[in-house]
Amino acid sequence: QVQLVESGGGLVQPGGSLRLSCAASGFTSFSTYAMSWNRQVPGKERELVATIYSRLTDYADSVKGRFSISRDDRNNMVYLQMNNLNSEDTAVYYCRARRGVSDYWGQGTQVTVGS
């Protein structure tokens, strides 16, 4: 059974940092999956934040220079380091795994930026 479980969300002050983790289980050849972090605010469409495939990365313009995505294929983990957070980063963050027609999502973790 394939599963993605996010963790690391919470409340952080503006300018602060958080590190999100995504634990993947049940995958065959996890390293061959393109992994991404996405976020969603109520009433808005889900937004792609960052993607990593092998060692290639890509970021939404809104997070470039502040967020960093990484993966540990040995332990089936994906991370999102988020620095200099602001109120517009408040959202539920989802981990996603894609390979061909296979497409899996985690349940999400809430990130709230505020005082």
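List of remarks:
- Put simply, of V49, V5 the only residue that is out of contact with any His (no Cβ under 9 Å at 6 or more places or on another chain), exposed (fewer than 15 other Cβ atoms within 10 Å of the Cβ), closer than 12 Å to Y93 by Cα and of a type in the set (A, V, I, L, M, F, W, C) is V5.
Here's the yes/no breakdown for (1) part of a strand (DSSP E or B); (2) without any contact (Cβ under 8 Å) to a residue 60 or more places away in the chain:
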| site | (1), (2) |
| --- | --- |
| S70 | yes, yes |
| Y79 | yes, no |
| Y94 | yes, no |
| A97 | yes, no |
| Q107 | no, no |
| T112 | yes, no |
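- Hey, S87 modelled with pLDDT of 95 or more, loosely packed, with under 11 Cβ neighbours inside 10 Å and either polar (S, T, N, Q) or within 30 Å of Q1 (Cβ to Cβ) (or both) or not: yes
- Inside region 50-62, residues that are touching a Phe, Trp or Tyr at 6+ places or on another chain (Cβ under 9 Å) and part of a loop (DSSP other than H, G, I, E, B) make up a count of 1.
- Answer residue from region 29-43, given it is of a type in the set (S, T, N, Q) and over 24 Å from T90 (Cα atoms) and is surrounded by the fewest Cβ atoms within 10 Å (Cβ to Cβ) among those: S29
- Of the numbered criteria (1) within 14 Å of C95 (Cβ to Cβ); (2) open to solvent by less than 50 Å² (accessible area, probe 1.4 Å), the one R66 fails is (1).
- Checked against the criterion of being aromatic (F, W, Y), open to solvent by 10 Å² or more (accessible area, probe 1.4 Å) and either modelled with pLDDT of 95 or more or under 19 Å from S68 (Cβ atoms) (or both), region 12-28 contains one or more residues that satisfy it.
- Subset of region 91-115 (residues that are open to solvent by less than 60 Å² (accessible area, probe 1.4 Å) and either at pLDDT below 95 or more than 13 Å from the chain's Cα centre (by Cα) (or both)): S102, T112, V113, G114
The values are calculated or read from the model by the stated rules, or taken from the named source; none is laboratory data. Note that the coordinates shown come from a computational prediction; the quantities given were computed from them, not determined experimentally. Because the Cβ atoms are built from the backbone with ideal geometry, glycine has one as well, and the counts that use them run over all protein chains shown. All accessible areas refer to the heavy atoms of the entire protein, side chains included, with ligands and DNA or RNA removed. Shrake-Rupley method; radii C 1.70, N 1.55, O 1.52, S 1.80 Å.
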